[in-house]
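The values are calculated or read from the model by the stated rules, or taken from the named source; none is laboratory data. Please read these numbers as outputs of a predicted model, since none were measured by experiment. Cβ placement follows ideal geometry from the backbone for every residue including glycine, while neighbour counts extend to all protein chains displayed. Side chains are part of the model used for accessible areas, which takes the heavy atoms of the whole protein and leaves out ligands, DNA and RNA. Shrake-Rupley method; radii C 1.70, N 1.55, O 1.52, S 1.80 Å.
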Amino acid sequence: MNVNGFTRTCGLIGNPVEHTLSPVIHNTLAQKLGVNLTYVPFHVETGKLSHAVSGADALNLLGVNVTVPYKSDVIPFLADIDPLAKQIGAVNTLVRCESGFKGYNTDMPGLYRAMRADGVIIEGENVVILGAGGVARAVAMLLTEKKAAGIWLMNRTKEKAEKIAAEVNAYAGKEIARGIALDAFAELPDGKLLAIQATNVGMYPNNGDVLIEDNEFYKKIHTGYDLIFNPADTVFMQKARENGARAYNGLKMLLYQGIIAFELWTAQTVTDELAEEIYRMMECTINE
Ligand code: NAP
């Protein structure tokens with residue numbers, strides 16, 4: 001990388017940011033596409049988010065990613081917000097606009113592009129989401145946008161699943177979502193479902209954990225899509241496969257949310273071949 005007076009800077013703000021894979025994505029894209037850009041993580045302490053956003057503006061940063069715990073907290077500091085990000089209530093990408101930064105959510109378009117790359121279809125499907133946190137809510141909105149037939153949110157705290165289901169139904173203008181308890185398999189519809197695992201159960205270093213142990217659940221799904229990417233093969237994915245389902249992890253979602261952010265910042269288009277090359281680099285980085 002040849003940093004000079006014309007080099008533009010992008011970065012990630014969050015806490016912690018030390019284990020992020022985003023620099024691999026963006027610095028490789030910049031290098032491969034010949035864009036004079038560098039990407040660095042910025043650890044932002046609690047209480048300093050507004051300073052971080054105005055500092056990024058003052059320093060003329062080209063773009064910023066936002067990660068945990070600031071994806072919702074950053075919204076009041078934006079000059080503008082994309083309608084999808086507003087609906088989801090979370091922003092992970094800031095793009096320069098005339099009076100500051102406009103916020104986007106590339107996590108959900110990223111998940112959609114990842115699923116398409118993996119040959120997983122949403123349209124017309126019955127889908128069960130495991131979890132009712134921020135990501136599960138965003139996934140439910142994506143499924144609604146992409147015309148899933150029905151959505152079942154299963155969560156340890158059933159009330160949170162019911163609350164999201166009510167919000168989704170209000171957004172859809174019809175009853176397509178329901179919140180149910182973790183053991184309420186009988187309330188799932190007949191036929192095989194697409195299952196999206198959106199909790200942090202089973203994430204490194206708790207690799208041996210799984211949200212649902214019972215094989216009866218896994219017999220009801222044709223695909224298990226885990227949003228966790230470390231470990232690469234979660235117990236959820238193993239149990240899905242053991243019961244005849246296909247299984248995928250969340251690394252492609254991470255890749256595509258980054259690619260979409262890069263495309264927003266630079267107006268470049270990333271080919272499937274380049275995406276594949278970066279995906280392999282990310283796999284190697286995780287395994288190091
Ligand atoms: P969150 O808001 O903290 O929600 C966590 C969810 O996990 C809640 O539904 C919670 O249930 C459930 N949960 C946590 N510990 C549990 C336990 N021991 N037993 C049962 N349920 C438990 O988290 P989030 O922001 O939605 O993120 C969820 C996951 O998405 C992350 O961990 C990450 O793996 C994944 N993710 C992936 C990507 C990607 O690019 N691939 C991007 C973002 C996030 P309760 O409601 O009952 O507490």
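List of remarks:
- Residue that is farthest from the ligand (Cβ to nearest atom), among those in segment 177-200 that are surrounded by 19 or more Cβ atoms within 10 Å (Cβ to Cβ) and outside any strand (DSSP E or B): LEU188
- Cβ pairs under 7 Å, 6+ apart, first in segment 192-203 and on the phi > 0 side of the Ramachandran plot, second more than 6 Å from the ligand (Cβ to nearest atom): GLY202/ASP209; GLY202/VAL210; GLY202/THR234; GLY202/VAL235; GLY202/PHE236
- Each residue in segment 133-147 was checked for being of a type outside the set (Lys, Arg), more than 9 Å from the ligand (Cβ to nearest atom) and open to solvent by 10 Å² or more (accessible area, probe 1.4 Å), and 3 pass.
- Given (1) within 30 Å of GLY103 (Cα to Cα); (2) within 18 Å of the chain's Cα centre (by Cα); (3) open to solvent by 20 Å² or more (accessible area, probe 1.4 Å), index of the condition GLY173 fails: (2)
- Across segment 201-236, the qualifying residues are those that are within 9 Å of the ligand (Cβ to nearest atom) and not hydrophobic (A, V, I, L, M, F, W, C), and the one among them that is surrounded by the fewest Cβ atoms within 10 Å (Cβ to Cβ) is ASN206.
- Taken over segment 57-104, the criterion of being within 16 Å of the chain's Cα centre (by Cα), away from the ligand (no atom under 15 Å from the Cβ) and of a type outside the set (A, V, I, L, M) is satisfied by LYS86, GLN87, GLY103.
- One residue from LEU94, LEU84 being closer than 21 Å to THR266 by Cβ and surrounded by fewer than 18 Cβ atoms within 10 Å (Cβ to Cβ): LEU84
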